[in-house]
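A short worksheet on the structure shown next.
The values are calculated or read from the model by the stated rules, or taken from the named source; none is laboratory data. Only a predicted model underlies this, so the values are computations on that prediction, with no experimental measurement involved. Methodologically, a virtual Cβ is constructed for each residue, glycine included, from the backbone with ideal geometry; neighbour enumeration extends over all protein chains shown. With ligands, DNA and RNA removed, areas are computed over all heavy atoms of the protein, side chains included. Shrake-Rupley method; radii C 1.70, N 1.55, O 1.52, S 1.80 Å.
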Amino acid sequence: MLGIAAVVFAGAVFLIVLSIVRRRREGLPLLGEREQATTGLVILFGIVIPVVVLVGLFVVANLVVLPDTDAPKAGTTAMTVEVVGHQWWWEVRYPGAGNAVTANEIHIPARTRVNVVAKTADVIHTFWVPQLNRKIDMVPGHPNRLLLYASKPGRYRGQCAEFCGVQHAHMSLAVYADPPDQFRAWLANMGRPAAPPATPQAQAGQKVFLSNACASCHTLRGTPATGVIGPDLTHMATRATLAALTIPNNTPSLGEWLRDPQHVKPGNRMPGLNLTPTQFTQLTAYLQGLR
């Protein structure tokens with residue numbers, strides 16, 4: 001389609017340039033002012049060529065493109081991943097793999113056909129990983145499906161492609177195609193409960209988490225925190241980014257996010273926490289141990 005559009009564009013530019021160069025002369029080059037020739041050109045370029053090109057593209061799209069990009073048929077994929085769009089982050093679940101759940105970073109085994117079931121928890125979103133397949137809409141009440149297949153290990157960036165609110169531009173995701181052994185180890189870890197705090201500071205941070213609004217909005221499997229408003233944080237420290245790829249997952253960025261989430265991502269549902277500097281340090285230490 002890009003090649004054909006480029007030819008059409010080049011032809012249009014050529015005709016514009018030709019009309020400018022010959023603006024003081026009547027008639028067409030070589031053909032002069034013959035009405036039959038002019039009519040023939042209109043029929044050729046206005047009807048015949050567009051019909052041939054559009055029919056050709058239609059045939060190619062239906063015989064070549066759609067079979068490779070359409071939703072996979074039942075029983076043709078090795079695994080299923082559920083992706084739920086939220087304002088403005090991605091919830092990722094692995095049915096049949098225990099309690100494996102993560103956010104904003106989808107891991108799949110390389111060279112494996114994966115069935116993605118796309119849903120939304122609020123408004124219409126669009127799931128799109130350009131290097132792996134076409135985009136699909138996530139419409140309330142209507143799950144949609146897509147095939148993900150990565151021929152080699154790597155990181156593939158995705159994006160919500162349907163305007164869904166003020167932070168639409170900051171609703172990104174990453175698909176990690178891992179070697180199969182590495183993926184199985186990652187998936188097994190995702191199914192485990194939250195790691196117990198390893199240091200006194202992290203232990204204090206867990207108490208801060210469970211005694212404040214954090215536990216009402218987020219889930220930490222293996223603890224009393226069972227909130228469903230924000231992402232599951234059971235293995236938050238394994239992720240490379242925070243806030244749907246908006247900031248890196250490191251100590252300074254995490255601290256900034258905890259202190260003033262609206263400054264980082266205005267309009268998100270996370271409130272500011274009324275904690276002391278010591279409590280912020282303890283909470284950060286605890287969250288960074290959730291691997």
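Things to note:
- Summary of packing: across the peptides 88-95, 131-138, 12-19, the per-residue average of other C-beta atoms within 10 Å ranks them, highest first, as 88-95, 131-138, 12-19.
- You can think of it this way: the chain between GLU33 and GLN203 has 52.3 nm of extra reach, that is 0.36 nm per residue less the Cα-Cα gap.
- Label-to-label distance for LYS135 and THR69 is 1.2 nm, based on points extended 7 Å past Cα in the beta-carbon direction.
- Listed candidates [x] 22.5; [y] 21.1; [z] 23.8 - label of the one calculated as Kirkwood radius over Cα pairs in Å: [x]
- Per residue accessible area in Å² of the chain, where ligands, DNA and RNA are left out and the probe is 1.4 Å: 55 Å²
- Alpha-carbon centroids, the stretch 1-55 and the stretch 160-230: separation in whole Å: 59 Å
- Taking only the Cα atoms of the stretch 15-164, the radius of gyration and Dmax are 24.5, 78 Å.
- Total formal charge among the other residues, if their Cβ is under 12 angstrom from that of LEU28, Lys/Arg +1 and Asp/Glu -1: 0
- Cβ-derived FRET efficiency at R0 45 Å, VAL7 paired with ARG259, nearest 0.05: 0.25
- Kirkwood-based Rg to Rh ratio, the stretch 134-227, C-alpha trace: 1.06
- Residue of ALA78, ALA240, ALA110 that the Gaussian network model of the chain assigns the largest fluctuation, springs spanning Cα pairs under 10 Å: ALA78
- Gaussian network model of the chain, Cα within-10 Å springs - most flexible of LEU210, LEU233, LEU66: LEU66
- Computed over the stretch 178-260, relative contact order equals 18 percent, with contacts defined as Cα pairs under 8 Å that lie 6+ residues apart.
- In the elastic network of the chain, a GNM with C-alpha springs shorter than 10 Å, the most mobile of GLU256, GLU105, GLU82 is GLU256.
- Heavy-atom surface analysis with a 1.4 Å probe gives the stretch 47-129 a carbon and sulfur content of 66 percent of its accessible area.
- In whole percents, the pair-distance distribution calculated for the stretch 75-221 from its alpha-carbon pairs, binned every 5 Å from zero, is 2, 9, 17, 20, 18, 14, 11, 6, 3, 0.
- Ordering of 276-285, 48-57 by packing is 276-285, 48-57, highest average first (other Cβ atoms within 10 Å, averaged per residue).
- Sequence-distant contacts, meaning Cα pairs under 8 Å at least 6 residues apart, place the relative contact order of the chain at 15 percent.
- Label zone at ASN274 (point 7 Å along Cα-to-Cβ), backbone N below 16 Å, the stretch 225-251: none
- THR234 long-range amide H proximity, modeled H, under 5 Å: ARG221
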